[in-house]
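First the structure, in the form of structure tokens, and then the observations on it.
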Amino acid sequence: VQLQASGGGLVQAGGSLRLACVSSGRTFSRSTMGWFRQAPGKERELVAIISRTGSYTYYPDSMKGRLTISRDNAKNTVYLQMNSLKPEDTAVYYCAADTSGAIRLEANRYDYWGQGTQVTVSS
């Protein structure tokens, strides 16, 4: 399985970005997908999770309201819509796949990771 993330870039505070992550292979539709991020000098943190069918999503309290995770199993793609971006959202954003299909919050539970896409929010 290979995951290819895209959509990052430089945006002003208050702006929006839509990240996409395309998965190769045949495990996408049975995998829980997650987005994580890591800022310089900080630990990797969970941003959002979506279940295999897309019927369930999870966001940490700090992320609620500005982010929307979605998926298109026909396209093997998971998306992260980010609105009202803040400078503190600056980080490398990673998509990840948990092929067990379980809903798990810990990064070390995810089997496959994309290469990351840089999001920079200027003030």
On the given criteria, is Arg104 under 22 Å from Ser24 (Cα atoms), outside any strand (DSSP E or B) and modelled with pLDDT under 95?
yes
Which residues, taken from the range 21-34, are assigned to a loop (DSSP other than H, G, I, E, B) and open to solvent by 10 Å² or more (accessible area, probe 1.4 Å)?
Ser24, Gly25, Arg26, Thr27
Just to be sure, is Lys42 part of a loop (DSSP other than H, G, I, E, B) and under 17 Å from Gly7 (Cα atoms)?
no
Answer from Arg18, Arg52, Arg37 - the residue that is buried (at least 16 other Cβ atoms within 10 Å of the Cβ), basic (Lys, Arg) and not in a loop (DSSP other than H, G, I, E, B)
Arg37
Out of Glu106, Glu88, report the one residue that is under 14 Å from the mean Cα position of the chain (by Cα), surrounded by fewer than 21 Cβ atoms within 10 Å (Cβ to Cβ) and of a type in the set (D, E, K, R).
Glu106
In this structure, does Tyr79 turn out to be open to solvent by less than 70 Å² (accessible area, probe 1.4 Å), assigned to a strand (DSSP E or B) and under 19 Å from Arg30 (Cβ atoms)?
yes
If Ile69 satisfies all but one of (1) open to solvent by less than 60 Å² (accessible area, probe 1.4 Å); (2) more than 13 Å from Val47 (Cα to Cα), what's the number of the condition it fails?
(2)
Which residue, of Ser100, Ser31, Ser70, Ser84, is farther than 18 Å from Leu3 by Cα and among the polar types (S, T, N, Q)?
Ser84
Of the conditions (1) farther than 14 Å from Gln4 by Cα; (2) modelled with pLDDT of 95 or more, the single one that Ser123 does not satisfy is (2)
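The values are calculated or read from the model by the stated rules, or taken from the named source; none is laboratory data. Treat the numbers as computed from the prediction; the structure is a model and nothing was measured. Neighbour counts run over all protein chains shown; Cβ positions are idealised from the backbone, glycine included. Just the protein is used for accessible areas: all its heavy atoms, side chains included, with ligands, DNA and RNA removed. Shrake-Rupley method; radii C 1.70, N 1.55, O 1.52, S 1.80 Å.
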